[in-house]
Amino acid sequence: MEELKDATGTSGIAVTRVDNRGPGGAISRESLIFDKTSYVLLGGQELVPGHGRELWSITRPQITDALPAWSKSLKRKGCV
């Protein structure tokens, strides 16, 4: 096991699968990243030589009565 970060930068324990993609012998690495203490799935990453790295994260919706800080920078267009 190794420690990796998901798309949000959260660090966790990674379980990785290495695969030979076939022609050219490019080897890909596909990792699932879990929280270090609760083992909840945080996200993952895939690395394919010549194609780059893809990161993703799991989002969990929350109910709140406040808008996120970044929403104040949006300009309303055609909103009713």
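The values are calculated or read from the model by the stated rules, or taken from the named source; none is laboratory data. In this text the structure is predicted, and so the values were computed from the model without any measurement. Because the Cβ atoms are built from the backbone with ideal geometry, glycine has one as well, and the counts that use them run over all protein chains shown. These area figures cover heavy atoms from the full protein model, side chains too; ligands, DNA and RNA do not enter into them. Shrake-Rupley method; radii C 1.70, N 1.55, O 1.52, S 1.80 Å.
Having 3 or more residues that are without any contact (Cβ under 8 Å) to a residue 24 or more places away in the chain and of a type outside the set (D, E, K, R) is the bar; report the strands (runs of 3 or more DSSP E) wholly within the stretch 1-59 that clear it.
On the way: elements: 2-5, 11-20, 27-34, 41-48, 52-57.
Fully inside the stretch 1-59 and qualifying: 11-20, 27-34.
Of everything in the stretch 17-41 that's open to solvent by 50 Å² or more (accessible area, probe 1.4 Å) and of a type in the set (Ser, Thr, Tyr), which residue is nearest to residue 57 (Cα to Cα)? Taking the candidates together, the pick is 39.
Scan 6, 65 and give me the residue that is of a type in the set (Asp, Glu) and modelled with pLDDT of 80 or more.
Values: 65 fails: modelled with pLDDT of 80 or more.
Criteria check complete, one pass: 6.
Condition check for residue 70 on (1) modelled with pLDDT under 75; (2) not in a helix (DSSP H, G or I): one failure, at (2).
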